[in-house]
Amino acid sequence: MALFANESSTQMDKLPDFEEDCPGLTEKFNALNSYFRDDYIFPKMDHGSYWVGWVVIAVYSFVIVFGAVGNFLTILIVIRSKQMRTVQNFFIINLALGDFLICTLTAPLTLYTVLYVFWPFGNALCKVTSSLQGANVFLSTFSITAIALDRYVLIIFPTKQERQKKLSFFLFAMIWTTSIMLAFPLFIAADQKNFDIPCDIGFRLCQEQNDNWERMPISKTTYTTGLLITQYALPIISMIFAYTKIASRMQGRFVNRMSKLSTGESEIRRRCVADRQRRTNLLLASLVLVFAGAWLPFNVFHMVVVLGFQKFRVEYFVLCHIIAMGSACLNPVCYAFFNQNFRNEFFVILHKLKLRKNTLGGSFSGTEYTTTVKKSTFMTPRSNRRSFSTANPPEINNSCDNSDRRRSKSISDSDMNLPLVPLNQHYDATLSSNLQTNQEMLDLEM
């Protein structure tokens, strides 16, 4: 599984016999370093057009900036808010960290190897960057799988809190250990290859060397096939299993809840319950589809190249790699910003940025700002909310969601795990079922 773009050693075999003067040859090799060019330097050597190179730079730049900002905000939101530091959000941070490293390390390094043929950074950095790119991808993928399994235990076994904690620590250790172990063969296989030609011209390539693969106990084909299973097939199977069970549990609770709503209750209330169930199912389906769609082209491309069905082409690699990097951009949206608490904290950060700007202009004081944000974002009376409508999340004005969240929050924020029984010991089954369903749907977003 090559994460670097260039397969340039095969192109070096196409170099002709050099019978030119040294200055002219040096100039040609300087131009040869750029893959995207309009001039043919040597016959039969692959290259891309100049304007395609600029498109590649623009797309990679967007992915890098958008993904880095989104994942950094996700990490910042969880770190700065005590109520967000839950076991479930612990995996969100792990995922955001992996995606942040993909956007800030993997994508820029890959972009460099796409644009330039030669490697000027030395053999040590060649090995480190190759394995680091693989480890970042594995970290992100396995974090997505861990989130699905953690939510499965949380929803299906809501009273097994000790089991949830043990599973969380086990999954965390497995994520990092497996990511490092799977990336280690890339560290061994990657190597800098030196070429020396007449006129004292030398250049270096960084890529996986076939000789290194032959010395390892597994072949490159076996390794690539194994990654297709562990990095793509198994995560999809795990996600489908976990989210199907969760959706089934939610549907059962939904049907039970709807049957207990009296005919005299508001039709709006019924529509709110049904709408929340649809949103939950849509979220679960989108999580699977985003992962499957983003990583399928990348894995298929490497399989057909390793098996010899398709010659390596930089343009095909770039397309598949950018689609895969899109997952790093969409993960903060799917796993964080669909959540009401994340959005509230995000708007608090925006308010603070606005405060700093206004403070420079003398508009607000720090005390005024803190009071304003706390009131406008969370528990402000309706009459006071209107002046801050542009800053409030859309769900703030949803009375159905607010009532469910308030009732569920009274349970989830409690310091002790009390049974859902009123103080007079008369068990209200309908209230308990509603609260449990609401809490499960809210936990799904965490």
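A few notes on this one:
- Selection from region 280-293 of residues that are surrounded by 19 or more Cβ atoms within 10 Å (Cβ to Cβ) and over 30 Å from ARG253 (Cα atoms): none
- Scanning region 317-355 for residues that are farther than 23 Å from THR104 by Cα, touching a residue at least 12 places away in the same chain (Cβ under 8 Å) and in contact with a Phe, Trp or Tyr (Cβ under 9 Å, 6 or more places away or on another chain) returns ARG343, ASN344, HIS351, LYS352, LEU355.
- With respect to (1) touching a residue at least 12 places away in the same chain (Cβ under 8 Å); (2) in the same structural domain as ALA107 (by TED's automatic domain parsing); (3) over 21 Å from the mean Cα position of the chain (by Cα), the lone exception for TRP295 is condition (3).
- Consider region 150-199 and keep the residues that are assigned to a helix (DSSP H, G or I) and among the basic types (Lys, Arg). The one that is farthest from ASN210 (Cα to Cα) is ARG163.
- Selection status of GLN133, in contact with a strand residue (DSSP E or B) (Cβ under 6 Å, 6 or more places away or on another chain) and assigned by TED's automatic domain parsing to the domain that holds GLY226: no
- Boolean, ARG257 is buried (at least 18 other Cβ atoms within 10 Å of the Cβ), in the same structural domain as PHE100 (by TED's automatic domain parsing), at pLDDT below 80 and basic (Lys, Arg): yes
- Long-range neighbours under 6 Å by Cβ, at least six apart or interchain, first residue in the same structural domain as LEU132 (by TED's automatic domain parsing) within region 201-228, second part of a helix (DSSP H, G or I) and aromatic (Phe, Trp, Tyr): ILE201/PHE29; LYS220/TRP213
The values are calculated or read from the model by the stated rules, or taken from the named source; none is laboratory data. In this text, all values refer to a predicted model and were calculated from it rather than measured experimentally. Reconstructed Cβ throughout: ideal geometry from the backbone, glycine too, with neighbour counts over all protein chains shown.
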